[in-house]
Structures are given as structure tokens and as C-alpha cells.
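See structure below.
What follows draws every value from the coordinates through simple rules; no lab data is involved. These numbers were taken from a predicted model, which means no experiment stands behind them. Reconstructed Cβ throughout: ideal geometry from the backbone, glycine too, with neighbour counts over all protein chains shown.
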Amino acid sequence: MRIAVIGAGPAGMTAAYKISEELGKKVSALDVYELSAQVGGLSKSIDLWDQRVDLGPHRFFSHDTKINEVWLEVVGKDYDIVNRQTRIYYKKQFFDYPIRALNALKGLGLFEAARCMISYLIERLAPTRDTSTFEGWVTSRFGKRLYTIFFKTYSEKLWGISCTDLDSDFAAQRIKKLSLFEAVKNALFPGKRNKHATLVDQFAYPTRGTGSVYENMQQKISDRGGNVYLNRGVERVNTTKSSARSLTLESGETREYDHIISTMPISILVERLPEVPAAIVEQSRKLTFRNTILVYLRVDRTNLFSDQWLYVHDPSVEVGRVTNFRNWLPSVYGHSQSTILCLEYWCYLDDPLWNQDPDHLIENAGKEIVRTGLVEEGEVREGHVVRLPRCYPVYFKGYREVVKPVENYIDSVEGLHAIGRYGAYKYNNQDHSILMGLRVAENIVDGTGHDLWSINTDYEVYQESSVITKTGLQPKGS
């Protein structure tokens with residue numbers, strides 16, 4: 001078989017890594033095409049001011065033994081365990097995230113805490129009926145007051161739409177079964193049985209940044225005889241009689257394959273397919289993505305705050321999340337006596353913010369970080385801007401009905417496989433994208449029939465579970 005992979009992010013690189021094991025056997029050719037100059041996609045790492053940083057905060061954590069085995073196989077011993085601390089920053093106070101009820105109520109003060117508890121009791125007596133939206137889903141579990149303080153502002157910064165227009169899937173996948181009742185139970189009766197799935201206190205992190213995982217995969221693929229082409233964009237996938245058998249590069253060159261794995265945005269993939277029905281194109285155009293602007297600031301101090309990242313819920317600033325790379329591993333900052341912060345801003349392609357001058361973005365980010373009180377005036381020395389288009393698939397209300405016919409059409413095209421956050425329109429973490437890559441490789445090489453669309457952030461691990469510790473893979477609970 002001749003196999004092509006479009007995109008070198010976690011899903012695409014994992015697929016190529018596993019398929020490359022069959023080069024010279026079941027696979028005669030394997031080509032990966034990446035538009036940018038570096039592998040890793042949203043999980044790449046970059047060198048900046050003599051330090052190593054990621055594109056925002058990227059932790060890896062999974063209970064899935066198969067995912068963990070691949071990660072360890074690729075990373076080897078070049079990792080350490082990070083003690084996670086991530087909090088919400090609201091009105092110049094820190095609150096635990098995920099929410100721990102006693103911490104939240106104490107930080108809010110007696111009067112505000114009482115309002116939150118009354119709001120929660122009202123919700124219990126007169127429950128919100130419509131839980132199909134993010135607002136309804138969260139309100140039903142925390143009460144209107146806590147929802148307004150700890151969920152509304154941040155979520156609307158991220159998605160750019162009202163929480164009444166945001167589908168409850170986002171809450172169900174990210175907050176899962178956590179509620180104020182569960183949070184109180186975790187606080188009063190700590191223990192493994194009461195530990196909620198989202199409360200991960202430690203995670204494994206590569207000593208050279210998250211991107212080194214995919215750089216190592218790139219080297220392995222090349223060593224096995226595969227090709228990873230950088231700065232090589234794909235214009236479109238070509239189909240004939242409901243089969244995908246070639247792709248056309250941006251250079252105009254056409255290359256033939258037996259299977260094509262696509263991680264390009266699903267809307268772009270479908271819109272450029274020949275012979276696609278107009279109704280499917282129309283549906284695909286409704287699938288929208290949110291962009292990210294990363295503003296890195298070099299701060300002339302090393303002891304800013306102890307979190308790996310903060311969620312900024314203050315509506316008076318535009319920044320939504322702040323990563324502090326000083327709090328990951330010493331290997332990424334070396335001997336530097338400065339701290340690199342990454343401030344995240346979100347927008348759409350047609351928003352004025354997306355095309356703002358880098359100097360203006362850096363100046364504004366510097367002012368906002370000082371306004372929060374996290375950094376003192378004059379401590380920001382320089383800045384750097386990275387723009388990430390189409391990085392968040394927007395779970396607008398009713399999006400499932402829109403995406404389903406698009407999924408069905410792609411499934412009808414023999415030899416075409418769509419995976420990854422962009423390609424499958426799934427709000428994946430790294431582990432979910434890695435799993436997609438593993439399963440599409442099995443579908444192609446071994447003829448398995450995994451349903452790739454069913455893999456999402458709420459998938460359950462049914463086989464033996466495990467976690468990565470400092471000494472390697474350990475069965476969960478041991």
C-alpha cells in the first residue's frame with residue numbers, strides 16, 4: 001500500500017509512526033505532508049529567548065494503556081513528572097481548578113458564598129429545564145451564581161458566542177460529571193474513590209517540551225524509510241467514483257495513493273473534494289473554528305506565581321489564559337533568570353484582532369498582565385507573537401446535526417480517513433488525537449473497523465487502565 005498523511009500534528013504523526021512499522025512489508029510508501037516548517041501541530045515546541053516553550057499549556061495524561069505505551073516508546077526516559085497546579089484568577093484572587101467547593105466559597109467571602117449557596121439551593125428546588133446548552137448544563141450542576149463567576153466569562157472569551165448558543169457537549173466533555181455536590185464531597189471526603197476524573201494532580205512531561213514527542217516520531221519515520229515533507233501544503237484530495245486515490249499539492253503536483261489520512265480542517269477538506277454534493281458543502285461551511293493568538297512575554301523575574309497556567313475570568317481584560325513556563329521542568333528554561341509567559345487571545349478570522357500588528361499585540365498584552373497584578377510595571381522586557389488559525393472547533397448548539405451528514409459523506413469515500421482535532425471536528429486533547437492515529441493505522445494496516453468518529457474526550461477506557469509514573473507504566477490504583 002501507498003499511504004499519505006496530511007498534517008503532522010499528534011493524530012497525523014501517530015498514524016504515520018505506527019504505519020511506518022509496516023514499511024517494506026504491507027506498506028510500500030509513506031509520505032507525510034506538513035504545511036509549516038515543523039512537526040507537532042498545536043503541540044509543537046519552539047525555541048525562544050534561550051528557552052523551550054510550547055504553544056500554550058500542553059499536558060499529557062491518559063489512563064489508556066495503549067496510548068501510554070506508545071508515548072513511553074517514543075519519549076523513552078526523557079521525561080519527568082510535573083505536579084500540576086492550575087487555578088482560576090478572578091478579581092486578583094486565585095481559585096482552584098477544577099473547582100473545589102470549600103476553596104471557592106472561602107475565596108469569594110461570606111456574603112458572596114452565601115449568594116452562591118442560595119443560588120444552588122434554588123436550582124435544586126426549581127431545576128433548569130433546558131440543559132442542551134452550556135449555560136443550562138453548568139447552571140443545573142452549580143447554580144446560576146457560580147456559573148456566572150467561574151464559567152461564563154472564560155467560555156465566552158474562548159468561543160466568541162453566548163453560552164446559550166454553546167452546546168452542552170463542551171461542558172459534558174470537559175467538566176464531565178462534576179457538580180457542586182461532587183466538589184463538596186471531594187473536599188470533605190478525600191480519597192481515590194471520590195477523586196473526580198478531571199482532578200489530575202500529576203502528569204508526565206518531556207524534558208525537551210511537548211513537541212519533542214512528535215520530533216522523535218519524525219526521526220523514527222525517516223529511519224524506517226518514510227518521508228516527512230515540511231513546508232509542503234496539500235491543495236486537495238482527488239476522488240474518482242467515491243474513492244480517494246490521489247492528492248494535489250499546492251505546487252500543482254499530483255501523487256497517487258491507496259489511502260489518504262487527512263487532519264486538515266474538515267470544512268476545507270470537504271469543500272475542495274470534487275463531485276461533493278452541494279448540500280454537504282453547505283453543511284461543512286457551517287462548521288466554524290476559533291483562532292488563537294499567542295503573545296509570549298519575557299519577564300525579568302522568576303517567582304511570579306506557582307501555577308503552570310491560569311484561567312483568567314476577569315472580564316476587564318481580553319486575555320483568557322496565561323501559561324508560566326517557569327513552572328514546568330528546569331530543562332526547558334535552563335540557566336535563564338527570566339520567565340516566559342504566554343498570554344492567549346481568541347478570535348475569528350474576520351475579527352480585527354486577528355490582523356493586528358504584532359507590536360500592538362505585545363504592547364496590549366504587557367499592559368493587561370500588569371493590570372492583573374501578576375507582573376509589576378517595567379518587568380516585561382520583550383514579546384513574540386504566534387498566530388494559530390482554526391485551532392478550536394466550535395461546539396455551537398446543534399452542531400452534531402450539522403456535522404453528521406459530513407461524517408457520513410467522508411465515510412462513503414473509500415480510502416479517505418479524517419482524524420484529529422481539525423480533521424474530525426473534535427475538541428481533542430493529545431491523548432485522544434494519539435488514539436485516533438493508532439486506530440486509523442489499525443484500520444488501514446490490519447483491516448479493523450474502528451469507528452474513528454466515536455473517539456472523543458468522553459470516551460471510556462474499557463481495557464486495563466494504567467498511568468505513567470516517574471519509573472514507567474503502572475497499573476491504575478497500584
Item to check | Value at 222 nm in deg cm²/dmol, rounded to 500, when DSSP H runs of n ≥ 4 in the chain each add -39,500 (n - 2.57) | outcome: -9500 deg cm²/dmol
Checklist entry - Where does the Debye-calculated log10 I(q)/I(0) of the range 289-393 sit at q = 0.21, 0.25 Å⁻¹, using only Cα point scatterers of equal weight, no solvent? => result -1.13, -1.46
Next on the checklist: Within a 10 angstrom radius of the beta carbon, how do Ile280, Ile81, Ile221, Ile455 rank from fewest other beta carbons to most?
Outcome noted: Ile81, Ile280, Ile455, Ile221
Checklist entry - Relative to the longest principal axis of the chain, what angle (0 to 90°, nearest 10) does the C-alpha long axis of helix 430-446 take? => result 20 degrees
Checklist outcome for this item: Stretched fully, the stretch from Arg272 through Asp80 gains (0.36 nm per residue minus C-alpha distance, one decimal, in nm) 64.8 nm
Item to check | Sites Arg255 and Trp49, calculated FRET efficiency, Cβ-Cβ separation with R0 41 Å, nearest 0.05 | outcome: 0.55
Checklist outcome for this item: Everything considered on the Cα gyration tensor (a ≥ b ≥ c; rounded for a/c under 1.5, else prolate if a/b is larger than b/c, else oblate), the range 370-478 must be described as oblate
Checklist outcome for this item: A chain fully extended from Asn456 to Lys91 at 0.36 nm per residue, minus the present Cα-Cα distance, gains in nm 128.0 nm
Item to check | Protection-proxy order for peptides 144-155, 307-318, each taking the mean of Cβ atoms within 10 Å per residue, highest first | outcome: 144-155, 307-318
Next on the checklist: Can you give me the distance in nm between label points at Lys66 and Asp351, each placed 7 Å from the Cα along the Cα-to-Cβ direction?
Outcome noted: 3.7 nm
Item to check | Residues Tyr427 and Glu282, FRET efficiency given R0 of 25 Å [Cβ-Cβ distance, rounded to 0.05] | outcome: 0.60
Next on the checklist: If you take every DSSP beta bridge fully contained in the chain, what fraction is antiparallel? Give it as a percent rounded to 5.
Outcome noted: 75 percent
Checklist entry - What is the calculated FRET efficiency for Glu442 to Glu376, with r their C-beta to C-beta distance and R₀ = 45 Å, to the nearest 0.05? => result 0.25
Checklist outcome for this item: Ranked output for segments 90-103, 130-143 by mean other Cβ atoms within 10 Å, highest leading, reads 130-143, 90-103
